[in-house]
Amino acid sequence: MKANFWLNKTVIITGATSGLGKAITKILLEKGAKVVAISRSEESLKGLKNELVSFSENLFLIKADVTVKKDCKNTFKIVKDKLKTADLLINNAGVGLRCEVEEIDEIDLRKVFDTNFFGAFYMMKYGISFFKKIGKGTIVNICSLGVKRPVPFTAGYTASKAALSTLADAARLELKKDGISVLCAYPGSISTDFRKNALGKPYPENEVRLSRLSPEIAAKRILRGIEKGKIEIYTSKKDYLFVLFTRLFPKLSERVVEKAFAKNRNN
Ligand SMILES: NC(=O)c1ccc[n+]([C@@H]2O[C@H](COP(=O)([O-])OP(=O)(O)OC[C@H]3O[C@@H](n4cnc5c(N)ncnc54)[C@H](OP(=O)(O)O)[C@@H]3O)[C@@H](O)[C@H]2O)c1
């Protein structure tokens, strides 16, 4: 990573108290950035504060639920009042859903869209107004590798991330003239509580996956992608090559996935 890229930058991040969000928060603080960490839970925010006590000067906590529009609006008001400025918004909060399409519970699907799509949309909406006023800013949406190569059992979840990815791709074009960049990360599997917290059916032990990274490695690679100004960030070479393969040979890619998941059919 470039030595001083993050020094004194202010980053607002949702879902900062666990998994990938926590790993990103930690690295940013170590790099000298100020972090505005968002979570729905007062308790997990306190836990984060205790864990990162040596960085307390640069760590700001906001209790907010991204599915609540006024919480998102209020977040930017707090940032404006307390910090005056910010450089980046990372839409990381998210929830999984594992279920075949026919059996998806509509209530679960709405919950997933409320968090993964509408939550990120509200944050983008208020973030854009905020960044326009200061004349610059970067918005990073944590999507999923599944957007680029959908796989069985995660259609509902992936659809919410695909909607977010498309929203971001169009926003990027609208906002270039305002000095605002919009990027998306498409991580593959990461070892976090994501599967435990997911709605729908439990993930099988022998889940099919292309790769699985630690949150620290995924976080590092995402931050490196942001530094490089990439518009699509992948967290492993294997993932990137499989996306390329899918673009070039969509039918063949589908056959590979179908075969790999055939084993999981009864889980
Ligand atoms: N793990 C993977 O394999 C994987 C792969 C691709 C993409 N991703 C994406 O990576 C992101 C991070 O996931 P993770 O793996 O770190 O999972 P995680 O450990 O379950 O973390 C999810 C985070 O989202 C927050 N969150 C959920 N609903 C929220 C809401 N309504 N408002 C505010 N925060 C909310 C949670 O915080 P609170 O509960 O404290 O509010 C939690 O910190 C997600 O967007 C996920 O879709 C994960």
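Which of rounded, prolate, oblate describes the chain, given a ≥ b ≥ c as roots of the alpha-carbon gyration tensor eigenvalues and a/c under 1.5 marking rounded, otherwise prolate only if a/b is larger than b/c? It comes out prolate by the Cα gyration axes. For the stretch 12-57, the alpha-carbon coordinates run over 25, 18, 15 Å along the three principal axes, in decreasing order. Note on Lys263 and Lys80: their simple-model spin labels are 5.4 nm apart, each label 7 Å out from Cα toward Cβ.
Calculate for the chain the 222 nm mean residue ellipticity that helices alone would give, adding -39,500 (n - 2.57) per DSSP H run of length 4 or more and normalising by residue count, nearest 500 deg cm²/dmol.
Calculated at 222 nm, the ellipticity per residue is -14000 deg cm²/dmol.
Full extension of the segment from Glu43 to Glu30, taken as 0.36 nm per residue of separation minus the current Cα-Cα distance, would add 2.4 nm. Between Phe5 and Lys196, the modelled labels are 3.1 nm apart [label points 7 Å from Cα along Cα→Cβ]. Please work out the FRET efficiency for the pair Ser129 and Ala170, using the Cβ-Cβ distance as r and a Förster radius of 22 Å; give the result to the nearest 0.05. The calculated FRET efficiency here is 0.80. The order of Glu258, Glu205, Glu100, going from fewest to most other C-beta atoms within 10 Å of their C-beta, is Glu205, Glu258, Glu100. Residue exposure proxy: Arg98, Arg110, ordered by other Cβ atoms within 10 angstrom of their Cβ from fewest to most, comes out as Arg110, Arg98.
Could you please rank Ser39, Ser129, Ser181, placing first whichever residue has the fewest other Cβ atoms within 10 Å of its Cβ?
By the 10 Å Cβ count, ascending, the order reads Ser129, Ser181, Ser39.
Read the figures in this text as sums done on the coordinates, not as results from a lab. All of these numbers come straight from a predicted model, not from anything done at the bench. Because the Cβ atoms are built from the backbone with ideal geometry, glycine has one as well, and the counts that use them run over all protein chains shown.
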